[in-house]
Structure formats: C-alpha cells, structure tokens
Amino acid sequence: MRETYNFCAGPATMPYNVLKTAQKELLDWEQQGASVMEVSHRGKEFIALAKECEADLRELLNIPVNYKVLFLQGGGLAQFGLIPLNLLGDKMGDGKTTVDYLETGVWSKKSAIEGSRYAVSNIVYSGKSEGYINVPDKNAINVNPESAYLHICSNETINGVEFFYDIKNCPIPVVADMSSNILSRRIDVSQYGLIYAGAQKNIGPAGLTVVIIREDLLGKASKFVPDALNYTLQAENDSMLNTPPTFAIYLMSLVLKELKEKGGLVEMEKLNHKKAFMLYSTIDNSRLYRNPVHVDARSNMTIPFTLADPTLDALFLKEAEAHNLINLKGHRSVGGMRASIYNAMPIEGVIALTNFMKDFEARYYS
Ligand SMILES: Cc1ncc(COP(=O)(O)O)c(C=O)c1O
C-alpha cells in the first residue's frame, strides 16, 4: 500500500489498485506494443474499451436506456455555460427565459452567476444567509414551471453540504452537478434530465467530464455551441466527434471495474456512510473540532472542520503531514480543514485521521 493518505478535494486520491494496473500497463497496453495513450481512439481496442466503460457506468448507476452517456472535456466549470448553451437553443439570451437554481454553496452560486449570461437565473432557494450549511427541505422546493430547468449541485465541495434525496417528479428537468459525489451511492437517474461530473474526484483523473443526458433534451443546442462541446453531435458520434481524453477514459474504466468488483454502489454507500460517521463522531465528541453543517445535510464526501483555537491550524497541518495525512488544509473561503473522503479513500485512512485528531486534541487542547 501507499505510505500517505491524501485528503485532497480534487484532483483526488485514486484507488491504489487502479494506479498499479495503469503502471503495469503503461508501456504496453493490450499487447499493442504501445501505451493506451499512444493508440488511436478509432482503433478497435480503444472503441471496445470506451464501450465497456460506458456499459459499466450504466450498470453501476442503473442508467435507463433513454439516456445518453457522453465523455467530454472541459471539466465541471465549463458545463456551467455549456448546459444553457446546449439546452436553451434560440431562447438563449432573450431576456425572458428563466433557469431555476438551488443555491446551496459556492459551486451552485457560481453556476447561477455564469448561467445568468444566457438566461435569467432564478434562485428558488438560497442558503447564503446561514452560511451554506443546509439544503432545502425536499417538500419545500417550489420551481417555476415555466423555467427551462432546475439546476442543483448535489455535493458542495467547498461547504460540505450534500443532497441525500433525489428531487422526485419535478415539473421541469433537474440538472445536477454531481462532480463530487457521483458513484458514492445509489441515485435514481430517471428523476434527472441531465447529470454531469468532472472526473477528478470519484471517477478518475482531471480532463474528463461525464454527462448523462435524457434523450428528449438533445437537439436543443444554440448555433453558437462549438461542435466539440455540442451534446447532440457528441451523442450522435459516441463522444468521438473529436479526440476524447483517452487516458482518462482508460483510468475511468479501471475505476469502474474495481467498483463493480467491490459490490457496486450498494457497498460503496455503506462504506462511505461508515467513514463519514466515524469522522463526524470524532468532530462532535470533541471540544476542539467543529463542523457547522446541519446534520441531515452533512456530506459523506467533503468534511470541512474548524479548530476552536485557529492559532493551532498550522501546527495541526504540520503534524498531520508528519503522520502521512496530507492535503487537509481547508478551502480559503471557509478556512480550517477539509477532509475529502471520496470512494478511493480507504477506511484505514479515516481511522488514521481520527486517531491523529484525538491525539492532537489531547496534547494541545485538553
Ligand atoms: C461541485 C463542483 N462543480 C464544479 C467544479 C469545477 O470543476 P472543474 O475544476 O473541473 O472545472 C468543482 C471543482 O472542484 C466542483 O467541486
């Protein structure tokens, strides 16, 4: 195993076995005499890999047949603009068309601001005044039925706020940024119009963006969308209109295989709950550590916490690193610490972190 546990928010730790396999196959993939990075995306071996990767994703997330899966580039942020460009068509920028947003943290706020260049952003819920520590009650989401869609961020990677429910029977399509919790638990894909995720947390390395889109939302792109980022054209071309991020797709395929071997999302969900529970319990049972998020909305992936005495922050980070617990510094807008415990963080990493936290408190804050 590796010596360190890496709590980075993203790009994040990758499963150890995936990295080992990639290392083994790096110089010669599928007896091609070349790396997977060095062969054509149109060759039969790579096409087979991409197809299998899609099939595995469909199986893991139970994606219905009337949804297309796209492997794109550009990351999560690019989608903040590409979604309106692809879904609003001629209505884009007409000054009347609205898009609804649930503003639960920094990322959904950013997407609403960027979206306002293309349509009127209608904030139907905002957690801003409380400091982004909650999600709306599932029975109290009132969308505008005339809006083009409702955008949510299912896990706020900076604030540590997560939706643990799917918004059911919404009268307008639900578009979800699942960049930081996709594949961490089961979801009901059929309740969404579009799901997107930058890969670099739970899927693989940066450079790949997965988009899952219901077929009836295709064919609505503005004429200003570049072809390579046009969902409809990419869906028609199996995401191979242009050169896809082949190495990232290869790593994703290894990640998905491992997830399947480990029992899929049922097992992942149990493990993620257990890891998060362990860390929140340590925080709640201490005098030194604090997480401000409402209990029902506390993320299983992203756990920010502050120290009651912030003058201990630097020492905490230094000692954590000496214990091989790395990248725990919190986001600059929230301060304190942030432990990102995605799928690939083994439970041993959380045990090591909680043991260290208890020991640190006993030594410096008892
Ligand atoms: C929830 C969420 N959405 C969007 C983004 C932006 O993604 P990218 O940096 O891939 O553009 C991030 C980045 O961390 C994120 O956590």
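Only helical DSSP H runs with n ≥ 4 go in: add -39500 (n - 2.57) per run for the chain, normalise by residue count and round the 222 nm mean residue ellipticity to 500 deg cm²/dmol. Kindly include the intermediate steps, with their values, before the conclusion.
Working: 9 runs with 122 residues, N = 366.
After summing the helix terms and dividing by the residues of the chain, the value is -10500 deg cm²/dmol.
What order do you get for 229-240, 255-266, 310-321, 144-155 when each peptide is scored by the mean count of other beta carbon atoms within 10 Å, highest first?
Values: 229-240: 19.0, 255-266: 16.6, 310-321: 14.7, 144-155: 22.4.
Peptide ranking by packing, descending: 144-155, 229-240, 255-266, 310-321.
Could you tell me what fraction of 2.2 N^0.38 Å the Cα radius of gyration of the stretch 173-324 comes to, as a two-decimal ratio? Don't skip to the end; give the middle numbers.
Working: Rg = 19.8 Å, N = 152, 2.2 N^0.38 = 14.8 Å.
For the stretch 173-324, the normalised Cα radius of gyration is 1.33.
Just the number please: accessible area per residue for the stretch 17-261, 1.4 Å probe, all protein chains included, in Å².
On the way: 10390 Å² over 245 residues.
Here the per-residue accessible area is 42 Å².
Counting each pair of different Cα atoms once, what's the Kirkwood radius of the chain in Å, rounded to one decimal?
Numbers: mean 1/r = 0.0468 Å⁻¹.
Evaluated over the chain, this radius sits at 21.4 Å.
I want the antiparallel fraction of DSSP beta bridges within the chain, as a percent rounded to 5. If you can, show how the numbers build up before the last one.
Details: 21 of 38 bridges.
Roughly 55 percent of the DSSP beta bridges within the chain come out antiparallel.
Under 5 Å between amide hydrogens, which residues at least 5 positions from GLN73 or on another chain qualify, with H placed 1.01 Å from N in the peptide plane?
Those lying under 5 Å, H to H, from GLN73 are THR209.
Explain nothing, just compute: Karplus ³J(HN,Hα) = 6.51 cos²θ - 1.76 cosθ + 1.60, θ = phi - 60°, for every residue of the stretch 127-144 in order, whole Hz, x for Gly and Pro.
3J(HN,Hα) across the stretch 127-144, in whole Hz: x, 4, 4, 8, x, 6, 10, 7, 10, x, 4, 5, 8, 10, 9, 10, 8, 8.
For the chain, what % of the accessible area comes from carbon and sulfur atoms, probe 1.4 Å? It would help to have the intermediate numbers written out before the result.
Numbers: 8320 of 16310 Å².
Of the solvent-accessible surface of the chain, carbon and sulfur hold 51 percent.
Non-local amide H neighbours of ASN122 (under 5 Å, H modeled in plane, Pro and chain starts lacking H): which ones?
VAL99, ASP100, TYR101
Taking every eigenvalue of the Cα gyration tensor of the stretch 1-122, multiplying by 5 and rooting it, what semi-axes result, largest first, whole Å?
37, 21, 14
Once Rh for the stretch 263-364 is found with the Kirkwood sum over Cα pairs, what is the Stokes-Einstein diffusion coefficient at 20 °C and 1.002 mPa s, in µm²/s? Walk me through the intermediate numbers first.
Numbers: Rh = 13.9 Å.
It comes out at roughly 154 µm²/s.
With θ set to phi - 60° and the Karplus curve 6.51 cos²θ - 1.76 cosθ + 1.60, what are the ³J(HN,Hα) couplings of the stretch 4-13 in order, to the nearest whole Hz, using x for Gly and Pro?
Once rounded to whole Hz, the list reads 10, 10, 9, 9, 4, 6, x, x, 10, 4.
Could you give me the ³J(HN,Hα) list for the stretch 212-227, computed from phi with Karplus coefficients 6.51, -1.76, 1.60 and θ = phi - 60°, whole Hz, x at Gly and Pro?
10, 10, 5, 4, 5, 8, 7, x, 10, 6, 5, 5, 8, 6, x, 3
The values are calculated or read from the model by the stated rules, or taken from the named source; none is laboratory data. Note that the structure is predicted; figures quoted are calculated from it, not measured. Virtual Cβ from ideal backbone geometry, glycine too; neighbours counted across all protein chains shown. To get the accessible areas, we keep the full protein, side chains included, count just its heavy atoms, and leave off ligands, DNA and RNA. Shrake-Rupley method; radii C 1.70, N 1.55, O 1.52, S 1.80 Å.
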